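Worksheet: one structure, shown below.
Just so you know, all these numbers are worked out from the coordinates, no wet-lab data involved. Since the model is a prediction, treat every value here as computed from it, not as a measurement. In this analysis, Cβ positions are derived from the backbone assuming ideal geometry, glycine residues included, and neighbour counts consider all displayed protein chains.
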Amino acid sequence: MDEVKNSKNMDNALKQKIILLLLAGIALSFSRSPVQHHRIYKQIGKEWQRINKNKLKKEIRNLYKSKVIKEKKNLDGSFTFVLSDKGRVKALTYHFAEMKIKAIDWDKKWRAVFFDVPEKYRWGRDALRRKLKELGFYELQKSMFMFPYECEDEIDFIIEHYGMRKYVRYAVMDYIDNDLYLENHFGLK
């Protein structure tokens, strides 16, 4: 029973990895910076080496059948696999589930996320609250969370993911009257 469960988890992890690698290919096509290209190639190369090639072929067939990827025949007779719209959504979901915010040198500023979400969107409010806690934000009040590191891009992504743009605000603050408590909470002292 455990072997079947572990095998299924490994297959799901492989599917996620394939979809994310395809998404990295899309990112390459949109990136104009040689530095970004190098970073993406380096990460793709590392992940590619870790994949079992036989399982890869099997999972690509399964992803193709599930319409997450599309097969495109090239003029030279070769085939190219690309993410479908369904696959892009799935890749963003996987990326969302693994999201982390890097704790780089603290610049002595506080990031605040605060919101006033109507009751009819309670599910979104609760999901947003859970995600902020999962990322390590401190709940200062029921609808206000604090964090010491740069995270605007991640917050924008979360807000878009839940469709809560008009109810959520992001601020960067130089001072808050309980900053000593927050510094201790985040281990910044």
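Once you have all Cα-Cα distances for the stretch 111-150, histogram them in 5 Å bins from zero and send the whole-percent values.
Bin by bin from 0 Å, the calculated values are 6, 26, 34, 21, 10, 3, 0.
In this model, which of LYS133/LYS189; LYS55/LYS133; LYS142/LYS166; LYS108/LYS133; LYS166/LYS189; LYS102/LYS189 are farther than 28 Å apart at the alpha-carbon?
Result: LYS55/LYS133; LYS166/LYS189 exceed 28 Å.
Which percent of Cα-Cα pairs in the stretch 110-185 sits in each 5 Å bin, short to long?
Spelled out bin by bin, the stretch 110-185 gives 3, 15, 30, 26, 14, 8, 3, 0 percent.
Could you work out how far apart the two model spin labels at LYS73 and LYS100 are, taking each label as a point 7 Å from the Cα in the direction of the beta carbon, and quote it in nm?
Simple spin-label model gives 4.4 nm for this pair.
I want the local charge near ASP174. Using Cβ-Cβ distances under 9 Å, sum +1 for each Lys or Arg and -1 for each Asp or Glu among the other residues.
+2
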